[in-house]
């Protein structure tokens, strides 16, 4: 598993206090903490690494994180470009060691939880970025730990410790420890062994590497494998932990921290009709929408813009509003009051009509029980007469109306527009070939037939005949048995049943 140099690229929604220690805490028998990430706010403090030098912002040697991070006690990575990067530290050159971290995924996806890079292996001296140790989370809830096996030729082989599926779930804290002791690589989850594999160290060296290489939380080489969620206490150890120590470490989940999660603080406007764009403001939405959704009035809405603090969405067709606006991202959701009002057209079952004739019903919601002063317009021309109730209306197409939007207006509030095509009265302009014999396909040309086929009637044939093909301007049909010379009639869906003379020859 090869990795390129990781760029210090951050988009974090909390900051971290970094402390390095060379002392051995009394509660660890064979391990020394060499790095501890407490995940506490330190915006007013410098970050100090093991070199003893103080650094600010993204200068070399610092732990990088967003400077305007929010005050909460966990490190939250809210976008696929987010990670915490700690530059090379000699105390991470561990022949035997362990990495502990707490994670709380916002949702399940393939993600690199932590990763250490090296640029040269001891055995071969081969240059090039390689992962030394790390843990990868899979979308199916499994984990894979890995250790660079430098005892193998060219350092090409890793010792992998994969786990069963469905061990990790979104929205919950999980304690993870990856440990290597020169003989085995062990992956612990929530204090329990979940996988252990044999590992052969180089005699007298163990896991051996040198050269600058950074340690990251939240992302590896592939930005598509970025972790979205929160990290709790993270520590790196020199030496090995006992099973009892790991069990004890897993007992203290970061449950006391403020579970800030996702929050919707406002929606503007607070009430709107169908087709209106609304702006939702809050926090914790995530920089990318991914699988996030917005529900307005109980119906999933089209999202036009999405960022960690603001979402723009369009009010959809809502038949029975539930009075809420809900933002969903993974297992998190946040709700605010929101009212959908005004008439809304769900659909018109027939998008064609003819001026001067009645149109099919327009179905929708909140039209009102009676028409009163409400109107229906066809491309801006109001209908002179309608049949009306709260969920459907049927109107006469006004003379002079042309193709365009149909809009229902109630109490001065307009619905969404549904396109209508106003068709001319059906006419036949030609039939060919003439004359025609039974079994011959003829072509009827004209206008206003409508795009949807209906029937034709031949003289001498009692039943209607189905066309071979049908468009608004052209119909192809085969002359049926029994047809004799006389009118052929086109039966359209709406206005007009034009006829033309057809001569039948033997």
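Quick note: the coordinates plus some simple rules give every number you see, no bench work behind them. Remember, it's a predicted structure, so these values are computed and weren't measured experimentally. So basically every Cβ, Gly included, is an ideal-geometry build from the backbone, and we count neighbours across all protein chains shown.
Tabulated data
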| quantity | calculated |
| --- | --- |
| Förster radius 30 Å - calculated FRET efficiency between residue 222 and residue 193, Cβ distance, rounded to 0.05 | 0.55 |
| Spherically averaged projected area in nm², based on the convex hull that wraps the Cα atoms of the stretch 263-340 | 4.1 |
| Rounded FRET efficiency, nearest 0.05, which uses the C-beta distance separating residue 505 from residue 320 and R0 of 56 Å | 0.35 |
| Residue order, fewest to most surrounding Cβ atoms within 10 angstrom, among 366, 166, 235 | 166, 235, 366 |
| Simple spin-label estimate for residue 303 and residue 443 in nanometres, 7 Å along Cα-Cβ | 5.1 |
| Likely footprinting exposure, 268, 108, 423, fewest C-beta neighbours within 10 Å first | 268, 108, 423 |
| Anisotropy class of the stretch 342-499 from Cα gyration tensor, a/c 1.5 cut | prolate |
| Residues residue 497 and residue 170, FRET efficiency given R0 of 56 Å [Cβ-Cβ distance, rounded to 0.05] | 0.35 |
| Distance histogram for the stretch 344-423 (every C-alpha pair counted, 10 angstrom bins, percent rounded to whole numbers) | 21, 62, 17, 0 |
| Full-extension gain in nm, residue 411 to residue 289, via 0.36 nm per residue minus C-alpha separation | 40.3 nm |
